Amino acid sequence: MKPGLLKYVAVLMLFLCTGLAQAGPPADPVKGTVRDKEGNPLPGVTIQIKGTNQGTVTQPDGTYSLNVTDPNAILVFSYIGYTPQEVPLGGRAVVDLVLESSASELNQVVVVGYGTRRKRDLTGSVGSVSGDAIAAQPVNTATQGVQGKLAGVQIISSGAPGSQPQVRVRGTGSMLAGAEPLYVVDGVLTNDIRNINTTDILTMDVLKDASASAIYGVRAANGVIIITTKRGRVGKMEVSYNMSVGWREVASLVKMANSAQYTDYLKDAGPNVTIPSYNADSDWYDALLRKGMQQTHNVSLSGGTEKFLYYFNVGYLTDEGIVRSNKYDRFTIRSNNEWNIASNLKFVAQVSYMHNTTQNVNLAEVYNNTYRAAPVIPITRDGKYGNTSAFQNVGNPILSIDKVNDRYKENRLQGTGYLEYSPWEFIKLRSSMSANQGFQNRRRYNVAFLNNESTFLVAGGNQQRPESQLTMVKEEGTEWIWDNTVTFQKKFDRHDLTVLAGFTSQEYQGNYLEGLRRNVPNSPDLWYLIAGDPNTSTNTADGDKYARRSWLGRINYSYADKYLLTASFRNDASSRFPSDNRNGYFPAVGAGWVISEEPWMPKGGALSFLKLRGSWGRIGNDNISSNLYILTANSGLLYFFGGTPTLGTNLADIKDRNLKWETTEEYDFGLEFAFLDSRLTGEVNYYNKKTKDALVTVKIPGLLGDPDNEYTTNAGSFVNKGWEFTVGWKDNISEDFSYNIGGNLTLNDNEVTGLNQGQPLFRGGVGQQGNITKTDNGQPIGSFFVLDAMGVFPTQGAIDAYVNKNGQKIQPNAQPGDLQYRDVNDDGSINDLDRIYAGSYQPKFYYGINAGLACKGIDFSMDFYGNAGNKIYNGKKAFRYEVTDNVEAKYADRRWTSTRPSTTDPRVLYGNTPASTYFVESGNFFRLNNITLGYSLPKRILDNIKMEKIRIYLTSQNLFTSKRFSGFSPEMISSNPKQDGFLSLQNSSSPLEAGIELSPYPTTRTYALGLNITF
Amino acid sequence: MKKLNYIPFVLIGSLVIYAACGKSFLDIPPQGRVTEDEIRTNPTASIDLVNGVYNVMWLGGFGPDVHGLQFITLTSISSDDADKGSTPQDYEPALQIDNFIFTATNPIVQNYWTGLYQAIARCNQALDKLPLSPLEAAEKNRLIGEVRFLRGYFYFNLVRTYGGVPKLDRVPTPDEANSDEFQTRATADVIYELIISDLQFAVDNVPLKGATQVGRVTKGAAQMLLGKVYMYRKNWQKAFELSQAVVNSGLYDTLSAYADIWRAKGANSIESIFEVQTGTNAACNAAIELYANSQGIRARKGWSDFGFGFNNPTADLAAAYEPGDKRKDATIITILPNGTVLWDGFRVPSRDSVENDRYSYKAYHSRTQEPYCGSPDRTPKNLRVLRYGELLLQYAEAANEAGNGGEALAKLNIVRKRAGLPPAVSGGQADLRQKIWKERRVELAMEHDRFWDLVRTGRAGAVMRAHGKAFMDNKNELFPIPQEQIVLSNNRLKQNPGYD
């Protein structure tokens, strides 16, 4: 068939169906585009010639075309949720219009994956946060700015510069480390959004339930966060400059014992230890931590014509971090352009580049050592370091920072280009190619030093590096994603139908190269491998590759804006599973009923909107490493025969050759409402999410000989169910005074319902205490499983009196001052059979409260965030490496001594002090997340100086926290995001062992002063 | 603006191409990793797997351990020959073992278990693939023999440490891995049967020293180890025959200078029967992790030291040497108040410059006179696992127990002669037994034999308690099954007596 013919047949059929065929001679039509305040095109706006029945609606791109015979006619633009406007034509041929929203909450357009919907038309659960709300906070990653703003979205952030917070959408959705949501940045699917400048963000939409996220199939199990960046709008060029400058400091510090307390403690814990007499009283944390400066600067240009729209931003951020020598600098550029090549053909290119430099600190080592280092050893004295290593086998943390220069440079280029073509108004074809490329290089120089008196106050210990060492790492990753979709959208009378179909494929390839030489001179100009000893030259390399291929489709149907129906389907195939298990099918359906549209509902009353909705969907998770089902070999294992080096191999890890998809099925019910002209809005949701064949890394018995004694398999099933409540009130009292207040609350209940081999999963090793969490049927994932400590035996009498039913002494070997444990099974002895479940890190509920007001030029806002019902295991206190490890001041003050028979804290803590509830603490906290006070210059002054906007503001992140936990922060990301492998970036904390505090980066408090200028 | 109408065809075309892309797009082999399938089809792969078994003998550090500090702790620090050493507070888990106050959660107990099973897994993988190899039968059996020797050696260490352990004599299929067959303990007798059959296969299929590369398992090594195993089983006749076969092979002898056995120049000498090979390479990691360095002299002030200072010879051991015994100064570095000069000329400044009174000379590696590439944790020191001196004493003990006191005395006196001591005189079988045991202690001091030897000969309780250790009879002869492993087996692994 010829193209023309095909088109005409289709058009003819449609005309016959709808009876909308128009007759009469064509006249020059009036054209234009309708947009919202943000410059987004508004589809479906009704345009009528006043006093007639003639009219039309805007197309998906907001354009319309209407034949008008009377040049003085008045056009009426109306759209639900927006204030209607009447525009006299006045002989014009083009009328562009911006509609002001009347109740923006409900009519907000949200991005739902491969398309957009009005929020009021959704049948699933989607939360949105505007870019302005994120950019207003002094945070480095957008995710952190969402904290406390959305029900069902729990965000745990670390204070480490350049780190990405951990996100849990509706509970822990996976047992694997990859419990992170999928991010979609302008169509680019990624795990890492640290390259996105918060200033560039227009909106962040979180697809929370399975019916909303199922369009992303296998990637959606942990929720989907869609980030849309800003675009230009038609009009004159707008230039803005935004900056902020401030500092960060540690929000909460653990005070360690001073020399007197420490010496006193060691009299009991290690009477044989000879304490060196330096007369020192070192505060190691004080030496390690500092106030870190933080600055951001952004310049953006945007504007455009009907044919070309542009948005351009350059941003710079520097964040020193609160740890000595730590630093993070980031430079970003974004250019989003849109060319309207023809009225039905558009090309959009959105490209961003990021470069960052990190001066890295090995935090796990440094924090651990700082916690343990004895106060009796000087940090430095007379230019020499105190030798903590010789005394107590703990490296001097300040020395270890000073003797390493670890610089990390990361470049990321991310972009999407798409062509969108509408052969007819109701069809939109889009082909989009996205690329995500990363290049990293790392230069780590380890300075040589000896454990003698040239470095230390005294010699000895194992902290030394006889030879300097230079490591260079280069890593690159390239990913492409090719999306092709066709969207049909048409209104037939009161039927509104949108059909989407498409296919997408994706491939990632990465490689890694590392070279090392020793004996490199200590001068930055010589930090190249060539300057090192060639006889010590070694290198290693690695690679990764994976691909996915998918088909997808979705139907949205609504009748009279009243009955809403959505159905979607996705088929995914992933190279990460064996070919028999490779395909996954992910359907979803949802229905909604806008009750307030029913004729029998009273109109004009307090109620302005009411919707009931329900949905079901199935989603999956393939967020595991690439080759977990194929047995591979390690080659290059050296040995010598006859003095000749000979290489060997071994089969590396035990693999599950039958690995399959993890699938989640979710039901979601919601009620959305608005009262009093949408001044009061709210939403209630119930969800029930069942995950089966959960992918998880389980520990396996050592006798199987696996080198790390663990492997990844489909280990079990679990459920997350809960309620979400959101309510908000906003009102404009007068032109000059408006305010808003709102809050959200999420109740979540997580429970393991099945274990594939009936084997509970033990994780969370804390030194000699062994595994302290148990994941078993009927319990939340990663529950602490420990002895029940009832207190401390104050006297020998209490020990003698502690007997079971047969009069047997339960802890006959205890001494006064030891912990007393409950004999749960009453067998007369304390052992593993007496362990109890003592809670988990997963909160029972979490909540956010926000409030704001604007009066004349002053704006003020604050938001709070908190969670409750979870527990934290104080792992750093429990993990005693050596008797001489320092203890916390609070413990030292409260522990049992012969003169102070405490019943709360034991006399001493040893490495083999068993895991017990003594180390379990409450994870509850409540925090003033952000408080901001701003002032904008009045319009008359601005007009005089030809400015659009000048605003100055003061802000503080984390100004105040109320918590019960004695550690650094109740917000714990077990370790920093894996810094190698940018596209596979994951927080390495497994949900199976969440909430064990070992060496976290403390939460920080930020103060900043900012300025926004637009002209 | 104009409308463009030809683009649908580009898109439809690309759809067709896409659909035709097919399945191969998703069949991505592991990048940079040889797969098991490739190993099956590669003729040299099974040889590579055998080499990989030898390599596992370097496993040490603070994780799974085969021959590192944790091995030293369990075999030497545990005994009356050595103290934990280092600073009093360093490495609490080892102190617990030194004083016999450890529990089943002690990390050393766990890491030695996982290390040895890792080694056994490598053996089983190689044994799984060797039958598929296109090599000639004799060559194939030689390789199988080498691996079975090593597996027997690893199991011998396991059974001596923990008693009966799960018997993994093949790579379990995924379905079998969780079965009771593998997840419960076999008896010590069953494990000994496996060890004996492995070593017997090696005896029958591995060439003599000289007919195979230095460093590989030899027939002599297999005979000696099998003889030692029979000695533990009190099968004196077999122990005697096998020891005799090694002597009669004429391929081994005592090295005249006892101290040289542990020097680089004494590596793979006439005395050596089996030793772990090490060397230098660019990465400087071709050695057992934390073997020599963990036992090196530890400075307190004034100089940069040689190690962590663990595993110090005790005063009791020093006193066990007869006057004039050359072996004492070859075994023990005694730090004198005004310093000690080592064989390579290095001078340890003074007693107050170091942490401890005595260090093991057998673990000392000269950084100036011997190969050393700069990474202390991987000092290239060969570990002498089996040597002729021990063989002679094993021979003597077996002969004595088998009723051949004359042969026994003759072999004992070869050992004494080299030590510069007068010949011993036998006062009957029981007297000679005591003399041989005493000789074993001083000849093999600091060579990871003492603890097991005391248990074998039933003297452990008395000797250990006399030495001040809290050793309990019928408990501490064996170490506990690691608690974590019991939990991971779902309590199917049963704990050793006394550790519950």
Kindly check whether there is at least one residue in the stretch A:273-294 that is touching a residue at least 24 places away in the same chain (Cβ under 8 Å), closer than 30 Å to residue A:623 by Cβ and crowded, with 20+ Cβ neighbours inside 10 Å. no
Among (1) in contact with a helix residue (DSSP H, G or I) (Cβ under 6 Å, 6 or more places away or on another chain); (2) within 30 Å of residue B:221 (Cα to Cα); (3) away from chain A (no Cβ under 13 Å), the one test that residue B:377 misses: (3)
Among (1) within 14 Å of another protein chain (Cβ to nearest Cβ); (2) at positive phi, where does residue B:163 come up short? (1)
The residue from B:424, B:408, B:396 that alone is touching a residue at least 24 places away in the same chain (Cβ under 8 Å), touching a Lys or Arg at 6+ places or on another chain (Cβ under 7 Å) and either of a type in the set (Gly, Ala, Ser) or not in a helix (DSSP H, G or I) (or both) is B:396
Restricting to the stretch B:75-108, name every residue that is of a type in the set (Gly, Ala, Ser) and either within 24 Å of residue A:766 (Cβ to Cβ) or facing another protein chain (nearest Cβ under 9 Å) (or both). B:86, B:94, B:104
Collect the residues in the stretch B:284-308 that are more than 9 Å from chain A (Cβ to nearest Cβ) and farther than 16 Å from residue B:368 by Cα, keeping them in residue-number order. B:287, B:288, B:289, B:290, B:291, B:294, B:295
Here the residues within the stretch B:358-379 that are closer than 20 Å to residue B:445 by Cβ, in contact with a Pro (Cβ under 9 Å, 6 or more places away or on another chain) and among the charged types (D, E, K, R) are B:358
Condition test on residue B:233, is it of a type in the set (Lys, Arg) and either touching a Ser or Thr at 6+ places or on another chain (Cβ under 9 Å) or crowded, with 20+ Cβ neighbours inside 10 Å (or both)? no
In the stretch B:58-78, what residues are in contact with a Leu (Cβ under 8 Å, 6 or more places away or on another chain) and either among the small types (Gly, Ala, Ser) or assigned by TED's automatic domain parsing to the domain that holds residue B:308 (or both)? B:60, B:61, B:68
Looking at the stretch A:447-463 only, could you name the residues that are surrounded by fewer than 20 Cβ atoms within 10 Å (Cβ to Cβ) and either within 8 Å of chain B (Cβ to nearest Cβ) or within 39 Å of the chain's Cα centre (by Cα) (or both)? A:447, A:448, A:450, A:452, A:453
Any helices (runs of 4 or more DSSP H) falling wholly within the stretch B:98-194 and containing at least 2 residues that are at pLDDT 95 or above: B:107-129, B:137-162
Considering the stretch A:251-285 alone, what residues qualify as being touching a strand residue (DSSP E or B) at 6+ places or on another chain (Cβ under 9 Å), modelled with pLDDT under 90 and either within 26 Å of residue A:381 (Cα to Cα) or of a type in the set (Phe, Trp, Tyr) (or both)? A:253
Considering the stretch A:307-327 alone, what residues qualify as being in contact with a Phe, Trp or Tyr (Cβ under 9 Å, 6 or more places away or on another chain), buried (at least 18 other Cβ atoms within 10 Å of the Cβ) and part of a strand (DSSP E or B)? A:309, A:315, A:317, A:318, A:319, A:323
Do we have any residue at all in the stretch A:329-342 that's under 24 Å from the mean Cα position of the chain (by Cα) and either in a helix (DSSP H, G or I) or without any contact (Cβ under 8 Å) to a residue 24 or more places away in the chain (or both)? yes
Only one of (1) over 30 Å from residue A:250 (Cβ atoms); (2) at pLDDT 80 or above does not apply to residue A:201, and that is (1)
Out of the strands (runs of 3 or more DSSP E) lying entirely within the stretch A:748-852, which hold 2 or more residues that are within 14 Å of chain B (Cβ to nearest Cβ) and closer than 30 Å to residue A:664 by Cα? A:761-765, A:771-775
Just name the residue that is nearest to the other protein chains (Cβ to nearest Cβ) out of those in the stretch A:384-431 that are part of a strand (DSSP E or B) and among the aromatic types (Phe, Trp, Tyr). A:421
Can you confirm whether the stretch A:897-913 contains a residue that is buried (at least 16 other Cβ atoms within 10 Å of the Cβ), out of contact with any Asp or Glu (no Cβ under 8 Å at 6 or more places or on another chain), within 14 Å of another protein chain (Cβ to nearest Cβ) and of a type in the set (Val, Ile, Thr)? yes
Mind checking whether some residue in the stretch B:310-333 is within 14 Å of chain A (Cβ to nearest Cβ) and either touching a residue at least 12 places away in the same chain (Cβ under 8 Å) or surrounded by fewer than 21 Cβ atoms within 10 Å (Cβ to Cβ) (or both)? yes
Out of the stretch A:618-651, which residues are assigned to a loop (DSSP other than H, G, I, E, B) and more than 8 Å from chain B (Cβ to nearest Cβ)? A:622, A:623, A:624, A:625, A:628, A:629
Total residues in the stretch B:46-59, condition modelled with pLDDT under 95 and more than 7 Å from chain A (Cβ to nearest Cβ): 2
Would you say residue A:595 is touching a residue at least 12 places away in the same chain (Cβ under 8 Å), out of contact with any Asp or Glu (no Cβ under 7 Å at 6 or more places or on another chain) and more than 14 Å from chain B (Cβ to nearest Cβ)? yes
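Each row is one residue, and each column tells you yes or no for (1) modelled with pLDDT of 85 or more; (2) under 20 Å from the mean Cα position of the chain (by Cα); (3) farther than 20 Å from residue A:926 by Cβ.
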| residue | (1), (2), (3) |
| --- | --- |
| A:945 | yes, no, yes |
| A:959 | yes, no, no |
| A:967 | yes, no, no |
| A:972 | no, yes, no |
| A:981 | no, yes, yes |
| A:984 | no, yes, yes |
| A:989 | no, yes, yes |
| A:1000 | no, yes, no |
| A:1012 | yes, no, yes |
Taking the stretch A:705-747 as the region of interest, how many residues are assigned to a loop (DSSP other than H, G, I, E, B), in contact (Cβ under 8 Å) with a residue 12 or more places away in the chain and charged (D, E, K, R)? 3
Does residue A:671 meet the test of being in contact (Cβ under 8 Å) with a residue 12 or more places away in the chain and in contact with a strand residue (DSSP E or B) (Cβ under 6 Å, 6 or more places away or on another chain)? yes
Take residue B:16 and tell me if it is hydrophobic (A, V, I, L, M, F, W, C), over 23 Å from residue A:511 (Cβ atoms) and at pLDDT 80 or above. no
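The values are calculated or read from the model by the stated rules, or taken from the named source; none is laboratory data. Keep in mind that what you see is a predicted model, and the values were worked out from it rather than measured. Backbone-built Cβ (ideal geometry, glycine too); neighbour counts: all protein chains shown.
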